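Quick notes on the structure that follows.
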Amino acid sequence: MKRVATFEWHSPPPTSVDECLAIYDDGSAWLVVRRPRALAGAIGSFVTNPSADDVKVLTSAGSGPVVFDVVTPPREPAAAALMEIAGRTSSAALSTPRAIATFYAGPLAAIAGGKLSMALLVVGGGKKAVQFELEPSKCTVHFSSGAQPITWVPMPELGSGFVTPDAEGLGGLRMRAKVKPRAYGATAFDISAPGNATTVSIEVVGWLVESLPDDRSPRPFAVRTEEAAIPNSG
């Protein structure tokens, strides 16, 4: 397959969106999500087949990449129309995942003695195994009370990569994780936590191996888990 058009969505920190849509000469459209626009979205690759009319418009923009600013949409009508079609194509791709990973924060018990026992979980989806590696030194744990953020702290050193309930090692720490569709695993750690925290989330950072057919280079990813309720000590 030959790539004929490329579109990218970016935004400045702290969101730092990083999504790439590539159109190929067989009519397929591949979306790779490394920093999702949707909060707590999945990372990985998605594939769809847009209509011939949409492909014609998308390829008319040239090989690209055409870069869209998520915060400031284009004012020119032609650029805005192109962004709308590219956005529609990427939305369609999101409904047909190829190889994706979704992360979850899992508080295991109430905060005790200023400590919280946590699990970071991963679930695979799509049709192929997704491959990635964590960069724990850049992962952070975020605490809130109600809807009000309290603080964040670096995630501590992990003892292992992701492990399934059947004790199968999935990797992810100092080696690539290969998580098949519908497979899931967890890694656990203890962390200092404010006593008034009611919810917790984790910003997961690492290297995503799953990419485009003509570009398999590992690239950085970052995604925030949904807020998870911390059990009440009372």
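The values are calculated or read from the model by the stated rules, or taken from the named source; none is laboratory data. Computed from a predicted structure; not experimentally measured. Counting neighbours? That spans all protein chains shown, and the Cβs are built from the backbone with ideal geometry, glycine included.
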Open item on the list: Of everything in the range 71-119, what is under 21 Å from L21 (Cα atoms), assigned to a strand (DSSP E or B) and of a type in the set (A, V, I, L, M)? Give them in sequence order.
Closed with: A99, I100, A101
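Out of the residues in the range 214-223 that are in contact with a strand residue (DSSP E or B) (Cβ under 7 Å, 6 or more places away or on another chain) and surrounded by fewer than 20 Cβ atoms within 10 Å (Cβ to Cβ), state the one that is modelled with the lowest pLDDT. Give the steps one after another, and end with the answer.
Step one: filter the range 214-223 for residues in contact with a strand residue (DSSP E or B) (Cβ under 7 Å, 6 or more places away or on another chain), giving 214, 218-223.
Right, trim to surrounded by fewer than 20 Cβ atoms within 10 Å (Cβ to Cβ) and you get 214, 218-220.
Numbers: D214: 89, P218: 92, R219: 94, P220: 95.
Filtering the range 214-223 for residues that are in contact with a strand residue (DSSP E or B) (Cβ under 7 Å, 6 or more places away or on another chain) and surrounded by fewer than 20 Cβ atoms within 10 Å (Cβ to Cβ), the one modelled with the lowest pLDDT comes out as D214.
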TODO: Determine which single condition G64 fails, assuming it passes every other condition in (1) loosely packed, with under 14 Cβ neighbours inside 10 Å; (2) over 23 Å from the mean Cα position of the chain (by Cα).
DONE: (1)
Task: Criterion: aliphatic (A, V, I, L, M), at pLDDT 95 or above, closer than 15 Å to V205 by Cα and touching a Gly at 6+ places or on another chain (Cβ under 8 Å) - qualifying residue of A105, A101 - done: A101
TODO: Using the structure shown, decide if T198 is in contact with a Leu (Cβ under 8 Å, 6 or more places away or on another chain) and either assigned by TED's automatic domain parsing to the domain that holds G44 or among the hydroxyl-bearing types (S, T, Y) (or both).
DONE: no
- [ ] Starting from residues that are of a type in the set (A, V, I, L, M) and assigned to a strand (DSSP E or B), keep the ones in the range 120-134 and report whichever is surrounded by the most Cβ atoms within 10 Å (Cβ to Cβ).
- [x] V130
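I'm trying to understand the selection: among the residues of the range 50-61, which are at pLDDT 90 or above, closer than 17 Å to T6 by Cβ and either within 16 Å of the chain's Cα centre (by Cα) or part of a loop (DSSP other than H, G, I, E, B) (or both)?
Matches in the range 50-61: P50, S60.
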- [ ] Being more than 17 Å from D53 (Cβ to Cβ) and of a type in the set (D, E, K, R) is the filter; apply it to the range 72-98 and report the residue that is modelled with the lowest pLDDT.
- [x] R75
TODO: Kindly check whether there is at least one residue in the range 185-200 that is touching a helix residue (DSSP H, G or I) at 6+ places or on another chain (Cβ under 8 Å) and not in a strand (DSSP E or B).
DONE: no
Open item on the list: Out of the residues in the range 194-213 meeting the condition of being over 26 Å from A5 (Cβ atoms) and more than 15 Å from the chain's Cα centre (by Cα), tell me which one is surrounded by the most Cβ atoms within 10 Å (Cβ to Cβ).
Closed with: V200
Open item on the list: Under 7 Å between Cβ atoms, which residue pairs at least 6 apart in sequence (or on different chains) link something in the range 176-203 that is over 19 Å from G146 (Cβ atoms) with a partner that is part of a loop (DSSP other than H, G, I, E, B) and among the charged types (D, E, K, R)?
Closed with: P181/K127
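Would you mind stating whether V223 is in a strand (DSSP E or B), in contact with a Pro (Cβ under 7 Å, 6 or more places away or on another chain), over 30 Å from M1 (Cβ atoms) and assigned by TED's automatic domain parsing to the domain that holds E157?
Values: in a strand (DSSP E or B): yes; in contact with a Pro (Cβ under 7 Å, 6 or more places away or on another chain): yes; over 30 Å from M1 (Cβ atoms): no; assigned by TED's automatic domain parsing to the domain that holds E157: yes.
In short, no.
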